[in-house]
Structures are given as structure tokens and as C-alpha cells.
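J.: Just dropping this structure here.
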Amino acid sequence: MKYLFSVLVENHAGVLARVSQLFSARGFNITSLTVGETEDSTISRMTIAVDGDERVMDQVKKQLNKLIDVIKVVDLTNVPQVERELVLLKVNATRQTRSEIIEIVDVFRSKIVHVASNELIIEAVGHMIKIDALIKMLKPYGIKELARTGQVCMARTE
Amino acid sequence: MKKTGSEIIIDTLLDEGVDTIFGYPGGSVISLFDTLYNFSDKINFYLVRHEQAAAHAADGYARSSGKTGVCIATSGPGATNLVTGLATAYMDSVPMVAITGQVASKMIGNDAFQEVNITGITYPITKHNYLVKDVKDLHRVIKEAFFIARTGRPGPVLIDVPSDVQKASCEFKKITNVEMRSYNPTIKGNIKQIQKAVQMILHAKKPIIYAGNGVIISGSQNELKEFVEKSGIPVTMTLLGLGGIPTDHPLSLSMLGMHGTAYANRAIQESDLIISVGARFDDRVTGKLDEFAPHAKIIHIDIDPTSISKSVNVDLPIVGDAKGVLKELNKIIKKCDIKNWVDYVSDLKKKYPLSYTKSDKVIKPQFVIETLYDLTKGDAIIVTEVGQHQMWTAQFYKFQKARSLLSSGGLGTMGYGFPAAMGAQVCNPDKLVVDIAGDGSTQMNIQELATVANYQIPVKVLILNNGYLGMVRQWQDLFFDKRYAGTCLGRQKNCKPVCAGPDKKCPDMIPDFKKVAEAYSVKGYRVDDPKDVKSVLKEVISIKEPVVVDFRIEQEENVLPMVPAGAPLDKMLEHGLS
């Protein structure tokens, strides 16, 4: 099962290494990780997506809390939340395929951010599922390069 | 007032009440040592002969007293030599602060001479660590380090200080209060959980208390005793929990686990409620996890939430300091109605006592330990190395008090005992401190004979010398068809390739420990005859200087009972394999 943690940490050197070490020491692969400053510049937020079973994730959550540099751990796995990811795609585009691609990009409400004679760079923002669908649609044209930011996430209050 | 980094370090250590440091100098801690030199009236510095020993000595100092141990090493190899000591302290929750020198700030990352990323290396084996790049942070960091090391579940903290930071200076202002927004360990147990626990305890028919190192660390042996006596529930201890309750207390079942007593293991397997106090269900305790105490519900009192439901599923967790939780429990606990169970457990004690085959021809290791107990009556600090002698000590020395056994339980570090005994002795100058050792472990930090000789630290090293790495040899004896691969310490070039045990033609053991001791100006004894054990021990105890005794013991004696690795606790070998 995929777990999603939002972790508030002290914004200084070495914290990322401590956090990632917890996962690697148990043999878990982090599928996605984003780090950035919060509204308070002394605090960073890490959003970590990882695959594992419940027992292990429970342990990981406690271990994260145990780290001195970790201020707060929020498990976003099963709570109402908004989840977004940004992706840049460099896609082959000939004169024949360009308009087809633009049509797909429009359907996904994504943007063309660069055009060259034989390629396009597309920027897409959305839920991971949407991003995956877009990638699937563009694959036949030939994706030359792909960069994903990983998910960021925020809990919704009803 | 302006102060240099080195002065800030020493000032802050003094502020934390530090009066003893173990360490070893080097290029990147010269200025710190230079400052330390000015404070020799306030801080006793002990120059060890290997940084690993500095870490273990600080550990022994801490375990014997509850105070925070301090060690210093230089960058690079000095720092890496601390690693085993830090890992040992981390596994056993020992409060310790290690200060390492680092290459100058601007050289970090350049593969400079004696540079190593020690904070990176020690992430997984310290409770926390710091690299201090600005002298202005130094005082706060050291204050935080001590706060972190000794509070919550204690542990080692490492502070890496580049050489230029030691020399730089800044305005110095003392912090009186350490506050950290990201570190607030839960100390007080939830009262509702405690009330629920009491209900579970009063309803249980076969309850058992399982006490660990947390009892010792929190200083709650009195509270534990009160709890045991008020409730009338039998109690078993982990290796590091020994001393939590006197071994010969009527309700004590002594140690459980791989080499625990048969009665403790049988009792816990049959119990219907385990009340775990400051223990962590280590694999050497539980045996095969799926078959561990199959009928028991579990109440787990622990200050560290990560210990709870880590290996066994806990029915009622209580996160908090053992002392506070036991105090609350004692307020409301009543005598349990469990006469049948207590009688049954007492019968188990009579039926399956610890025993060994006595001999008047060859020294039995158990006999040495028993005699030591008879002579000291538990009034000594017993330190061990790791291996068979450690288990015999746990089985046959009847520990009476908390902090009277110091042993590397979690990491199982050979070479721990001697330097740890040194640290304990320095902290308790008037107490008898005995390192019970094997011939293998002793040689892992034997260089410290120089330290005990120079400072006249009167540690007694009792080597139970069987010529083997005995614990591994025992496994080979029991499970590997007596194929003694790599375990004979007497093995020489012209020995036959396959050998299944000692005989008369075996060469003399190397080294001669008596001679080694004497080379270091330490008194040495060698004992071969069981008749001499008592008189020599008596004499050794009365000597106020360091002593090494080489007991030539039965070479192929095994530690029994034994739960084979991966077997359930009640499938013990009680008399070896038939």
C-alpha cells in the first residue's frame, strides 16, 4: 500500500539524510519526496510517498517522530486532502503530430511551455493519476525526457 | 565576555557538572586539549590507549552512576574508533556525549588529512549528532546535547567541532534553560491507561512481570519491588534488567531468554498476562516470535513509543517513564488472587534450578562466579565482556542492586568490559569493580592495561580462559557437528587441519596473561586448580590496585540451558543435545 506523510522539520543541513536513512535502513524505497520551506523559513515541509505494509509504516511514523529534527508528522494516507504534482515532458512533435498533441494537452488543461521544430515541452500540474494518464497518452509520440517534482499534499478541513 | 570555542566547550562541560573525561588527542583537537590542560584541577582527564576504550569508559561511567559520560577524540580515525562505543551505548540507551575534532571548516569535503564525515557515519547509532560550523552555536549545541543524551530514552550524542571553530571566539552568554520545539519526550504515563492496566492485572490468572533496562535507567528498583510485593506477581528480568529486583527475592525468576532460567522461560510461555516494564522484547528474549507466550496479553510500559508493538503486538501500551508509571500503579494495585500460579512457578524453580557439574580437578567457570558472589554478596560492580562468561555471570552471580551489572546487551560488543570497568571504577573509586572476561574479549581492548596501570585504577580483570571463542564454539558443538572453525585461540601453524577439541598435545595458550599484566606493571595471577579459586579471589579483592587473574577453566563447558536460535522459549536444551 502507498503511504503519504507530510513531515515538518527543522530547516538545516543533515535533516534530509536523517529522514531518508530511516527508510533505507529498513529497505524501503521512497517513491517520491519533496522538500521546501514553509511560511516559517526555519521550518521545511517534506512530503514523502512510500510503499509498505501497515505495521512497518506505523513503525516508520514513530521513528520519524523520534528524530530530534522532526517537529511534526502528519499521516495523509487516509485523510481528505489535496494532492498535486508538477511534471515537465519533452515530447517528439513533427508537423503532422503537433496539433494532435496540443489537443491532448488542452484536454488535460496542461500547457505548452516551449516549442521547437521537432519537439514540445509540456507543463502539467495535477493529481498523480491525471499526470500518469497524460504520460500514457503522450507515450506513442515519443517522450524524450520527463521530470516529475513528486507530490505535495495538504489536508482539507471540511 | 569573549571566549574561544575551546573555552566555551570546557565551560559548558563544567556547567553540565562534568568532572571526568576519557579521550585521546590528535591534530584537530589540539586547541581543545590545550584548554583542557588549564582545567586539570576541575576535570580529571584519562588518556586511554585506543579511542574505542574512551567511548566504552564513558559508557561504563554513565551506566554505573546514571550521569552522562563524556569522551573526546580527534577527527578521522579517532572519530571512527568511537563508532563501536557509540553503537554499544545507543543499543543500551546510555547517556553519553562524544566530542570529535573535525578538519577546518573550509577543508570539509576536500578529503583533507584525517577527514571523515563522522556525523554521516553516526546518524544511525546516535540519538542525535551535530556538526558545529559557527562558534556562536557551540554553547547552545552542547547544552542541547546533554539535554538530549540524558532525557527521555537516553542515548549517545556526538558533537563534531572543526578545528577553526575551536580557535574562533565570540561573545559568551550562558543559557540556563534548554528548550527545543522538536524534542519533548513523554514522561508521564496516561492515567486512564494505567487504570486499565490495573483492571487487566487483577483479572489475570497467570500474570508475570518482565523487567528490563528501563527499570535501571529510571532508577525505579524500589518502585518495582513495591509493585511486585503489593501485587504478588512473579518477576523475570532481561540481562540488563538484572539488579532491578534481587535475584534471590522469593518472587524473582531471574533472567529469561536464550540463556535464561528454565523456570523463567516456562513461566512466561504459560503466562496469560505479561507486564513489561522498560524492556523491548529483544529476539534474545522472545525466542521464536510466533510462539512467544502464546496465551498472554501484553501490557507494555516504555518511554520510547518506537519500542511498542515493534516485535510483539501489545494489547495495552503505556508510554512514559517506568518510575512514574510504577508509582501510579502502586497507588491502586491490590494483591492478585493468584496463589495457584505462584505455587506452580515456585515448583518450577525447585524442579528446574540452574546447575552445573561440579569438579575438583578442573575449574568450572560457574564455580568462579559463585565464589565471587559468596565473597562479595552482591556488593560490587560487575562488568562483563561478551560471550559465555557473560551468560555465566548473569546466571550465577545473584545481583542485588541496580547498576551492579554493566554489560553490552544489545550490540554484544566484545572488548566492552575492561574499558567500561575502568569508567565505572573512576566514577566509584571506593567500590569493588570486577570485569569478568573471556580470553577472546580481553584481547580486544587489552591495551588499556597501560591506562589502569598509569592511573592506578584498581579494576579486577577475571579472565575465564578456555582457549576458545567459547560462545561460537558452543554453537559449533551443538549445531555444526563439532566443526571448530576459527574458534580455537590456541590454533597454530602445525595443528592438523580439522580438530574437534583440545588434547594433551595442544600448544600452550598465547598470550600468557599473567606475563602480559606484569609487562604493564599490573599484578597478574594464574589459577589452574579449583582449590585455589577462593583464596586467590579473596586476595585479589583485598588488593587496592589493578589485577589480572587468568583462570584456566574447563575448555568445552557449555552455557545451559539454551534456547537454540529461532526456537520457542520452552524448547530449551537443558543438558546439551542427547
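Just so it is clear, none of the values below were taken in a lab; they were calculated from the coordinates. Fair warning: this is a prediction, and the values are worked out from it, not measured in the lab. When we count neighbours, we look across all protein chains shown, and the Cβ atoms used for this are built from the backbone with ideal geometry, even at glycine.
J.: Can you give me the orientation-averaged projected area of the convex hull built on the Cα atoms of region B:191-351, in nm²?
T.: Mean projected area of the Cα convex hull: 7.9 nm².
J.: What's the exposure ranking of B:Leu375, B:Leu537, B:Leu158, going from fewest to most Cβ atoms within 10 Å?
T.: Sorted ascending by nearby Cβ count, the order is B:Leu375, B:Leu537, B:Leu158.
J.: Calculate the length of the line joining the C-alpha centroid of region A:26-68 to that of region B:116-162, in whole Å.
T.: 22
J.: Nearest 10 degrees is fine. How inclined is helix A:98-107 to the longest principal axis of chain A, computing both from alpha carbons?
T.: 40
J.: At most 14 other Cβ atoms within 10 Å plus a DSSP loop assignment makes a site exposed; report the longest stretch of chain B without any exposed chymotrypsin sites (Phe, Trp or Tyr not before Pro).
T.: B:114-479
J.: Could you calculate the contour length gain from B:Lys496 to B:Glu556, that is, 0.36 nm times the residue separation minus the distance between their Cα atoms, to one decimal place in nm?
T.: 19.7 nm
J.: Which FRET efficiency value, to the nearest 0.05, is calculated for B:Lys288 and A:Val107 with the Förster distance at 41 angstrom and r the Cβ-Cβ distance?
T.: 0.10
J.: If you don't mind, there's one more thing I want to ask. Taking the Cα centre of each part, how many Å lie between region B:505-562 and region B:356-389?
T.: Measuring centre to centre over Cα atoms gives 12 Å.
J.: Describe numerically, in nm with one decimal, the distance between label points set 7 Å from Cα along Cα→Cβ at B:Lys188 and at B:Asp360.
T.: 6.4
J.: Take the Cα gyration tensor of region A:2-75, multiply each eigenvalue by 5, square-root it, and list the three semi-axes largest first, rounded to whole angstrom.
T.: 20, 12, 11
J.: For region B:466-474, just list the computed ³J(HN,Hα) in residue order, Karplus coefficients 6.51, -1.76 and 1.60, θ = phi - 60°, integers in Hz, with x standing in for Gly and Pro.
T.: These are the phi-based 3J(HN,Hα) values: 10, x, 10, 7, x, 5, 6, 4, 4 Hz.
J.: Please give the FRET efficiency for B:Lys230 paired with A:Ile143, using the beta carbon to beta carbon distance and R0 = 56 Å, rounded to the nearest 0.05.
T.: The computed FRET efficiency comes out at 0.20.
J.: Let me ask something else about it. With the contact rule set at Cα under 8 Å and sequence spacing of 6 or more, what percent relative contact order holds for region B:15-135?
T.: 26
J.: Per residue of B:293-305, how many C-beta atoms from partner chains lie within 10 Å of its own C-beta, taken as a mean?
T.: Counting other chains' Cβ atoms within 10 Å and averaging over B:293-305 gives 1.
J.: Moving on to the next point. Describe numerically, in nm with one decimal, the distance between label points set 7 Å from Cα along Cα→Cβ at B:Leu375 and at A:Asp51.
T.: 6.2
J.: Okay, moving on. What is the order of B:Asp430, B:Asp477, B:Asp160, B:Asp532, fewest Cβ neighbours within 10 Å to most?
T.: Arranged by neighbour count, lowest to highest, B:Asp430, B:Asp477, B:Asp160, B:Asp532 become B:Asp430, B:Asp532, B:Asp477, B:Asp160.
J.: Efficiency by 1/(1 + (r/R0)^6): what FRET value for B:Leu14 and B:Met180, r their Cβ-Cβ distance, R0 = 25 Å, to the nearest 0.05?
T.: So the FRET efficiency works out to roughly 0.70.
J.: Based on other C-beta atoms within 10 Å, arrange B:Lys358, A:Lys130 from fewest to most.
T.: Fewest-to-most ranking of B:Lys358, A:Lys130: B:Lys358, A:Lys130.
J.: A further question follows. Note the direction-averaged projected area, equal to a quarter of the hull surface, for the Cα convex hull of the protein assembly as shown, in nm².
T.: If I average the Cα hull's projected area over directions, I get 39.5 nm².
J.: Evaluated at 20 °C with a viscosity of 1.002 mPa s, what Stokes-Einstein diffusion coefficient in µm²/s does region B:2-171 have when Rh comes from the Kirkwood expression over alpha-carbon pairs?
T.: 140
J.: How large are Rg and Dmax for region B:74-211 when calculated on the C-alpha trace, in angstrom?
T.: 20.2, 67
J.: Cα gyration tensor of chain B, axes a ≥ b ≥ c as square roots of the eigenvalues: rounded (a/c below 1.5), prolate (a/b > b/c) or oblate?
T.: Oblate.
J.: Here's another thing I want to ask about it. What average count of beta carbons from other chains do you get within 10 Å of the Cβ of residues in A:66-74?
T.: 4
J.: Return, ordered by residue number, the residues of region B:113-128 whose backbone nitrogen is under 19 Å from a label point located 7 Å along Cα→Cβ of A:Phe28.
T.: Answer for region B:113-128: B:124-125.
J.: Once both labels are modelled 7 Å past Cα along the beta-carbon direction, what's the A:Ser99-B:Ser65 spacing in nm?
T.: 8.6
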